Amino acid sequence: MFKLPFPNRKQSTSSPANREKMGTFGGVYTPSILTILGVIMYLRFGWIVGNVGLLGTLIIVTLSTLITFLTALSISEIATDRLVRGGGAYYMISRSLGIESGGAVGIPLYFAQALSVALYTLGFAESVVNQFPQLNQLYVALIVTVLVAVIALISADIATKVQYLIMGAIALSLLSFFFGKPVEATEIEMWGASDRVSEPFWNVFAVFFPAVTGIMAGVNMSGDLKNPTKSIPVGTLAAVGTGYLIYMILPIVMATRADATTLLEEPLIMKETALWGPAILFGVWGATLSSTLGSILGAPRILQALARDRVLPRWMRFLGKKSGASDQPRVGTAVTLAVVIAAVCIGDLNLIAPVLTMFFLTTYMVLNVSAAIEAFLQSPSFRPKFKVPWILSLLGAIGCLAVMFLINAVATVVAAIISISLYFWLQRRELEVSWGDVRRGLWMALLRIGIYQLDQTYREEDPKNWRPHILVLSGAPSKRWSLIELADSLIHKRGLITVSSVLKSGSRGLVQQGQMERRIRKYLDKKGVQALVRVVMANDTFTGVQHLVETYGLGPIVPNTILLGDTSSSYHLNNYCQMVRQIHQSKRNIIIFRENHERGFGKRRRIDIWWGGSMQANGGLMLLLADLLRSDIRWREANIYLKLVVNHQSAVLPARNNLNRLLTQSRISAMPQVIVADGRSFDRILQETSRNADISFLGMAMPDETFPQHYQDMQRKVTGLPSTVFVLAAPDFSFSQVFQDTNVRNSQK
């Protein structure tokens, strides 16, 4: 059996070029009020009054209309900021929250709109068969479906004119009802009959709520209006107000015409109490046909917009083609007709109907969210003629979400899963669009708040919250990809990576600089690495690096660690070491990666740390970097070996105890190894014990005038060894506090 309490929606046409522009009444008010006064008013309103009584009905009408009113305010605000083209709600959401959000709502909305045609035609057929039992309900539904589709295919102008006839039928039915007579003597029951079990209040609310939804009809007429910035707010809000007035009068009249039991048992109580009963039938049929016609007009236009924005797969792009000078979606209409006929033949849509209702309400909720975000961010480009406080739009979104759960919590969850799945599917396709959306503004607002908060509250870096923000001096990523791969493993979504390169001045300009940044960013995206990109121009590389380190950053968010590759050129050694010295003076950590090109990162199973005997400076940073490296999924099987060289066997036990205590305090899992020199040099011990490591960490000396010689000695020591990381910690930063718990740090203050 067909259930009626579902939304009565109407989507209107796109603008034909040769049609006369419409005013507020014909273009917005008429289609909107026809979506509000629907079959629920005729066939379920008496049931509502019978269950919750007069006072309960007035509360339900007020709460429902309030949510619709808030949504209408949001729609008016967005519609008066930009021209709404084909696609209606999909168009508004995709241009505000992005193509992924628009598609995640638009695709289910199309199917909800298309299958709504089946719901309405089945409802129409049911009411006809009730009056003419000799007719077949399925055949009536199929005939009506084909007829409204033919009207939509021939001309949308005809559909618009038909709406005036339908509105006249509804007005006649209401007048006939208001001037009618009681069917029995009755007392007004404020909360329904007390001598029987009635439906819970929120169940009745869920049945009525769809009667006041479907206010997108006027928005979709934006291109056909003489003055859309005036007509959309006035027409939409006037329709909501008219519907509220009628819905507040109807229960008062019904409560004086029949008692609660009669209202519950007689679905067409309006016909029984009307001055002229057939007028109510004309109203029921008119409301049903209006909804059917509106849906068959709206669904193909959503499909057309989705195809044109390339949301649909490539093989469905033909659905975006226009037909005729008026750009009618005739191909989409034919496809929609096939979907509707299949649904009508199935006949029983009760299982999926609640989910369809959820998609309609999801659309209204997202529209409210869009308006709230736009108004809250106060973007210079958002200048609607009709302004609404963002808190009202947010309340509208919350109201829609609450109603969704009240109607059907399971259907709400199912609709949410489908929409989220579509969002991530579209996100993975990386659709390119020619318009901007509000997401960048949202992130900018959050970034602004965060940066100012950090700058005011944490002017000095706190060891407890230390995170690696790495500036990678890689040049072209394809040539030194290992540097970026190492940085990505160290960060592991805890900090920031900036991949940087220095271009020689003179040979290239700002255009080439921007092009190179885009190429690097595209290359990183292809490799699946999240990183910022910065390209600067300078007379020479070392000057450019110094300038980059000094100036790059935003407020308190600056790179605290510089990662660069080893140099094999003796000609540039002095400049290279001078650069390292200047970076150290700027109080940044320095990581120099000397790669063994034959072995790369090996099997990623063993990490050696050559310990200098102290947690301060290089020792603490090396231990922290090794632990960060092992947290990456590619290094998760690796073991950390903490190596310490002593001169005599008698020093082994105290040294091992110190290393164990160090690891316990730092809460890092590593294997301490104490090596007795036994007359061997450190260079020989290093070569013998780290030859099978996958990567080794060694600390560097403080850079001074003799640093070039020291660096050459470091290079000589690790010749032939696996890939090695030279570490130089920033001055005046105690990495030992990073490993200590809060109580220990507080006791030291």
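The values are calculated or read from the model by the stated rules, or taken from the named source; none is laboratory data. Worth saying up front: this structure is predicted, and the values here are computed from it rather than measured. Reconstructed Cβ throughout: ideal geometry from the backbone, glycine too, with neighbour counts over all protein chains shown.
For segment 475-486, the set of residues classified as in a helix (DSSP H, G or I) and over 13 Å from R634 (Cβ atoms) consists of W481, L483, I484, listed by residue number. Of the residues contained in segment 680-689, one or more are found to be surrounded by 20 or more Cβ atoms within 10 Å (Cβ to Cβ) and within 30 Å of Q582 (Cα to Cα).
Is segment 622-631 home to any residue that is within 28 Å of N560 (Cβ to Cβ), within 43 Å of the chain's Cα centre (by Cα), basic (K, R) and modelled with pLDDT of 90 or more?
Yes, because at least one residue in segment 622-631 is within 28 Å of N560 (Cβ to Cβ), within 43 Å of the chain's Cα centre (by Cα), basic (K, R) and modelled with pLDDT of 90 or more.
For segment 614-646, a tally of residues being of a type in the set (F, W, Y) and either assigned by TED's automatic domain parsing to the domain that holds I491 or outside any helix (DSSP H, G or I) (or both) returns 1. Within segment 640-662, restricting attention to residues that are more than 22 Å from R691 (Cβ to Cβ) and of a type in the set (D, E, K, R), which residue is surrounded by the most Cβ atoms within 10 Å (Cβ to Cβ)? Among those that are more than 22 Å from R691 (Cβ to Cβ) and of a type in the set (D, E, K, R), it is R656. Of all residue pairs spaced 6 or more apart or on separate chains, those with beta-carbon atoms under 8 Å, a first member in segment 664-687 that is part of a loop (DSSP other than H, G, I, E, B) and a second member that is aromatic (F, W, Y) and buried (at least 16 other Cβ atoms within 10 Å of the Cβ) are R667/F739; I668/F739; A670/Y641.
Residues checked against (1) β-branched (V, I, T); (2) closer than 24 Å to P210 by Cα:
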| position | (1), (2) |
| --- | --- |
| F111 | no, yes |
| V128 | yes, yes |
| L142 | no, no |
| V150 | yes, no |
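Picking from residues in segment 663-679 that are of a type outside the set (S, T, N, Q), at pLDDT below 90 and closer than 18 Å to L625 by Cβ, the one that is surrounded by the most Cβ atoms within 10 Å (Cβ to Cβ) is L663.
Taking G514, is it within 19 Å of G544 (Cα to Cα) and part of a loop (DSSP other than H, G, I, E, B)? Before the answer, list the steps.
Numbers: within 19 Å of G544 (Cα to Cα): yes; part of a loop (DSSP other than H, G, I, E, B): no.
No.
Got a sec? Which helices (runs of 4 or more DSSP H) wholly within segment 45-159 have at least 1 residues that are more than 22 Å from N368 (Cβ to Cβ) and either of a type outside the set (S, T, Y) or assigned by TED's automatic domain parsing to the domain that holds L337 (or both)? Before the answer, list the steps.
On the way: elements: 45-79, 89-97, 99-131, 137-154.
Once the helices (runs of 4 or more DSSP H) in segment 45-159 are filtered for at least 1 residues that are more than 22 Å from N368 (Cβ to Cβ) and either of a type outside the set (S, T, Y) or assigned by TED's automatic domain parsing to the domain that holds L337 (or both), what remains is 45-79, 99-131, 137-154.
Being polar (S, T, N, Q) and under 17 Å from L312 (Cα atoms) is the filter; apply it to segment 71-112 and report the residue that is surrounded by the most Cβ atoms within 10 Å (Cβ to Cβ). Only one residue tops the list, namely S94.
Take K526 and tell me if it is out of contact with any strand residue (DSSP E or B) (no Cβ under 6 Å at 6 or more places or on another chain), in a helix (DSSP H, G or I), without any contact (Cβ under 8 Å) to a residue 12 or more places away in the chain and closer than 30 Å to E637 by Cα.
Values: out of contact with any strand residue (DSSP E or B) (no Cβ under 6 Å at 6 or more places or on another chain): yes; in a helix (DSSP H, G or I): yes; without any contact (Cβ under 8 Å) to a residue 12 or more places away in the chain: yes; closer than 30 Å to E637 by Cα: yes.
In short, yes.
So, of the residues in segment 171-187 that are touching a helix residue (DSSP H, G or I) at 6+ places or on another chain (Cβ under 6 Å), outside any loop (DSSP other than H, G, I, E, B) and not aliphatic (A, V, I, L, M), which turns out to be surrounded by the fewest Cβ atoms within 10 Å (Cβ to Cβ)? The qualifying residue surrounded by the fewest Cβ atoms within 10 Å (Cβ to Cβ) is S176.
Scanning segment 599-613 for residues that are in a loop (DSSP other than H, G, I, E, B) and more than 28 Å from V545 (Cβ to Cβ), which turns out nearest to the chain's Cα centre (by Cα)?
R604
Based on what the data block shows, is I151 modelled with pLDDT of 90 or more and within 43 Å of the chain's Cα centre (by Cα)?
Considered against the rule, which asks whether it is modelled with pLDDT of 90 or more and within 43 Å of the chain's Cα centre (by Cα), I151 comes out as no.
Picking from G620, G600, which residue would you name as being in contact with a Ser or Thr (Cβ under 6 Å, 6 or more places away or on another chain) and among the small types (G, A, S)? Explain how you work it out, then say what you get.
Values: G600 fails: in contact with a Ser or Thr (Cβ under 6 Å, 6 or more places away or on another chain).
Within the list G620, G600, the selection yields G620.
Among the residues of segment 295-307, is any surrounded by fewer than 24 Cβ atoms within 10 Å (Cβ to Cβ) and either modelled with pLDDT of 75 or more or assigned by TED's automatic domain parsing to the domain that holds V28 (or both)? The answer is yes, given that some residue of segment 295-307 is surrounded by fewer than 24 Cβ atoms within 10 Å (Cβ to Cβ) and either modelled with pLDDT of 75 or more or assigned by TED's automatic domain parsing to the domain that holds V28 (or both).
Any residue at all in segment 555-565 that is touching a Pro at 6+ places or on another chain (Cβ under 8 Å), β-branched (V, I, T) and not in a helix (DSSP H, G or I)? Among the residues of segment 555-565, at least one is touching a Pro at 6+ places or on another chain (Cβ under 8 Å), β-branched (V, I, T) and not in a helix (DSSP H, G or I), which makes the answer yes.
If you check every pair at least six apart or on different chains, which have Cβ atoms under 6 Å apart with a residue in segment 351-365 that is modelled with pLDDT under 85 first and a residue that is aromatic (F, W, Y) second? Sorted first by the residue in segment 351-365, then by its partner, the pairs are A353/F6; T357/F6.
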